[in-house]
Each structure stands twice: as C-alpha cells, then as structure tokens.
Amino acid sequence: MLSRRSVRIKVMQLLYMLNRDEQISFPDLLKEYNDGIWKAFEIYVFQLNLLLKVTQQAEKDAETRAAKLLPSDEDKTFTPRLYDNPLVKSLANHIDFLHIVEKFKSNENLDEDLIRRIYQMFADTPEYKAYLDLPEPTEQDHNKILLELYRFLVNNDLFTEMTEDRYNNWQDDESLVVGAMKKTMKAMPLQGDFYKEFEPSDETVRDFGEQLLRKTCQEDQALLAQIEPMLKNWDSDRVAILDMIMLKMALCELLHFPTIPTKVTLNEFVEISKIYSTDKSKDFINGILDRLMKKLVKEDKIVKEGRGLVE
C-alpha cells in the first residue's frame with residue numbers, strides 16, 4: 001500500500017521537523033519515521049473495522065424493528081443482510097484481523113452513537129433500499145453495496161472526523177488507504193493473510209525510506225554545497241525551507257539510489273512541491289534539478305542501473 005511517494009513525503013516532513021528543532025537526535029527522527037510509516041496501515045485497519053461496525057448496525061436495526069408493537073410492512077420484511085452475508089462474515093470472523101484490530105486498539109473510544117447515526121444516514125439512501133428489495137442478492141450484489149457503503153463513508157463528515165481525530169496523517173495517506181480498502185472489498189470473501197499486501201514492505205521502508213532519511217541527514221552540507229551554485233541569483237537563505245529540503249532529497253536520490261530513474265526523481269519532487277509548497281515551487285525545483293542533473297551527468301557522478309539508466 002505504501003508508495004515511494006508517500007515515503008518521500010514522510011521523510012520530507014521529518015526533515016522539516018528537524019529544521020525547526022535541531023535538538024532532535026537522528027535516533028529519535030528514525031523512530032518517528034518507523035512509527036509514522038505504519039500509520040497508513042493502521043488507518044486501513046481502523047477504517048475496515050469501522051466499516052464492519054457500521055454493517056453490524058443492521059442487526060440492531062432488525063432487533064429494533066422486531067420489537068415494535070405495530071411493525072410496518074417494511075419492518076416485517078427487513079433483513080440484516082448488510083451484515084449477515086458471507087462477505088462481511090469473512091471479515092467479522094477473521095481471527096487474525098481481529099487480533100490486529102486489538103493490537104492497534106481500533107475499538108477503543110469508538111462513539112457508538114456516531115456509528116449508529118452514520119448507519120441511519122446510509123439506510124436512507126436509495127442504493128441501500130434497492131439492495132434490501134432484492135429477493136435473493138448474489139455475492140456480486142453484496143460486494144456492490146459494500147463498495148457503495150465505503151464510498152458513502154469517505155464522503156461522510158462524521159466518518160472522516162472519526163478518522164481525523166485519531167490520525168493526523170489521514171489527508172496525506174487518504175488515497176493509499178482508500179485504494180487498499182476498495183481492493184480489499186473487491187477481494188471478499190476474505191481468506192488467509194489478506195492484509196499482508198498492505199503492510200509496509202522492507203524494500204519501501206528500510207531500503208528506500210530509511211536510507212533516504214539517513215543519507216540526506218548525513219550529507220546535508222555536502223548536498224547544499226552542490227545545490228548553491230545552481231541557484232544563480234538566489235541566496236540559499238531565501239529559498240523556501242521545504243523547497244531546499246526537497247532539492248536535497250532529490251539530489252540524494254540522484255547520487256545514491258541507482259535503481260531509481262532520474263526522470264522519476266525529478267517528476268516525483270515536482271509533483272510533491274505542487275501539493276506542499278508555494279505556487280512557484282514546481283518551476284523552481286524543476287529548473288534547479290534539471291541543471292543539477294545535467295552537471296552531474298557531465299561529471300559522471302550519476303550511476304544508474306537497469307531500468308534506471310540515465311537518458
């Protein structure tokens with residue numbers, strides 16, 4: 001689930017934190033990185049569990065309807081199929097997943113009233129009513145309504161607030177988590193260690209992320225010394241802090257990560273700058289990196305392997 005771009009963003013944020021507080025030690029920075037790198041997976045577990053909690057409200061809905069003295073025809077025909085179906089049951093009865101939920105304390109401090117309100121709002125949608133009207137829903141029908149439920153949830157203020165209150169990295173990792181959630185639901189009924197696919201991999205976390213953080217910190221002044229001549233009329237002190245951090249990270253990638261194509265490095269940091277820096281940053285970073293690459297290639301200082309050959 002964790003992409004290299006999301007790793008770059010987390011490294012950038014930690015380097016910014018270090019810039020603001022130079023008393024932070026590298027071991028502390030590394031701990032912050034390793035803790036943060038698991039947060040996207042933790043949000044995935046939290047939201048998958050929260051989706052399960054919303055579907056369980058269908059059972060409580062059925063109990064409430066059955067307890068009415070004068071049930072309506074709709075009450076009499078209602079079934080808790082949103083929860084009572086093979087797809088959701090494969091998650092509800094997945095022992096390993098439930099252990100992970102317990103590990104991350106995903107059930108702690110959940111507001112049952114908010115979960116009930118979310119279910120009630122979804123219960124009023126035409127999609128849910130149409131699903132309940134199906135005489136014999138198929139596995140495809142169950143899958144379709146679960147995807148619709150999650151689409152409803154990520155656009156629901158109560159649901160996003162529950163996520164944001166617990167995880168301040170939700171906005172950074174939203175696209176990763178949403179993609180993982182949709183992929184998981186499409187794979188239902190779930191079997192085996194389905195969640196393993198979305199855990200941070202050693203290659204992404206240690207081989208790339210940790211090394212990028214370590215190298216950029218260790219070679220801070222050496223990287224700056226190579227960047228400064230490229231600034232032309234710009235004083236390095238006038239360059240936006242995030243822009244300088246991205247330039248150092250990009251240069252570090254160009255010099256020390258032989259399997260990452262130069263064009264990928266350039267494009268990634270230009271894209272990141274569009275989101276996290278000023279309006280002019282993308283052109284500034286693109287121009288500086290372009291000059292840096294040409295200089296380094298001319299000096300034979302960029303060595304790339306395989307698919308990452310310099311063009």
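Where a number appears in this text, it was derived from the coordinates with a stated rule and is not lab data. This is a predicted model, so every value here is computed, not measured. All Cβ positions, even for glycine, are placed from backbone atoms using ideal geometry, and neighbour counts span all protein chains on display.
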Of the DSSP H helices in the chain, those whose Cα atoms cover at least 20 Å axially and whose Kyte score averages 1.0 or more: 241-256
Segment 39-198: relative contact order in percent, alpha carbon pairs under 8 Å with at least 6 residues between: 35 percent
Largest to smallest principal axis extent of the C-alpha atoms in the chain, angstrom: 83, 39, 34
Assigned charges on the beta-carbon of Lys, Arg, Asp, Glu; segment 39-198 dipole about Cα centre (debye): 280 debye
Förster radius 45 Å - calculated FRET efficiency between residue 140 and residue 259 (Cβ-Cβ, nearest 0.05): 0.65
Relative contact order (%) - the chain, alpha-carbon pairs under 8 angstrom, separation at least six: 23 percent
Computed log₁₀ I(q)/I(0) - Debye formula, equal Cα scatterers, no solvent, segment 158-233, q 0.14, 0.15, 0.16, 0.18 Å⁻¹: -0.75, -0.80, -0.85, -0.93
√(5λ) per eigenvalue of the Cα gyration tensor, segment 202-308, largest first, Å: 21, 16, 14
For segment 154-188 versus segment 40-64, the gap between their alpha-carbon centres in whole angstrom: 13 Å
Footprinting exposure proxy for 43, 272 (fewest neighbouring C-beta atoms within 10 Å first): 272, 43
Residue 89-residue 17 FRET efficiency (beta carbon distance; Förster radius 45 Å; 0.05 resolution): 0.55
Helix-only mean residue ellipticity at 222 nm for the chain, each DSSP H run of n ≥ 4 adding -39500 (n - 2.57), per residue, nearest 500: -21000 deg cm²/dmol
Links that overshoot a 31 Å alpha carbon limit, given the list 129/196; 105/186; 60/182; 103/263; 10/301: 129/196; 103/263
